[in-house]
Amino acid sequence: MAESVRIDKYLWAIRAYKTRSEATDACSGNKVRVNGVPAKPSKAVKTGDVIEVHKGPVSFTYKVVQVLESRVGAALVEQYALNLTPESELEKLRAPMETIVLRRDRGTGRPTKKERRELDTLMDTMDF
């Protein structure tokens, strides 16, 4: 077993991202930190490192329990990564998203140009 592994490969293996390329893009986009330092995709992680992953509004925190190179089943992830994400961050996932639902009678078609402009204006004023 290896002593260290690339961060993008590790995040994919513990199922933080669906694909390795998504993990690589997140690292390249400064959405991943290892021990408080922004990590490039090739950054090596080892046992004991703390990883912060920013996905949408939530900042997940993991502690490396054991390194691994191949993807494991969801039930086995706990053996390799300890989820240290605070409850306040997880609460952001459960909060209902404010969505604007416009009601349109069935069969009336796409919005007109004027309606589209009104929708765009409304969406620009919303804070997400």
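Every number here is computed from the coordinates shown, using simple stated rules; none is lab data. Everything numeric in this text was worked out from a predicted model, so none of it was measured. No Cβ is skipped: glycine too gets one built from the backbone with ideal geometry, and neighbour counts run over all protein chains shown.
In this simple spin-label model, placing a label point 7 Å from the Cα along the Cα-to-Cβ direction at both residue 121 and residue 35 gives a separation of 5.4 nm.
Taking 0.692 mPa s as the viscosity and 37 °C as the temperature, the Stokes-Einstein diffusion coefficient of region 12-60 based on its alpha-carbon Kirkwood radius rounds to 301 µm²/s.
The residue 113 and residue 28 beta-carbon pair, evaluated with R₀ = 35 Å, returns a calculated FRET efficiency of approximately 0.35.
Here the chain is treated with +1 on each Lys and Arg Cβ and -1 on each Asp and Glu Cβ, and its dipole about the Cα centre works out to around 540 debye.
Label point of residue 76 set 7 angstrom out along Cα-Cβ; within region 9-43, amide nitrogens under 13 Å from it belong to 13-15. Placing a pseudo-label 7 Å from each Cα along the Cα-to-Cβ vector at residue 66 and residue 91 gives an inter-label distance of 3.5 nm.
Share of Cα-Cα pairs in the chain beyond 17 Å, in percent? So the pairs more than 17 Å apart make up 64 percent of the total in the chain.
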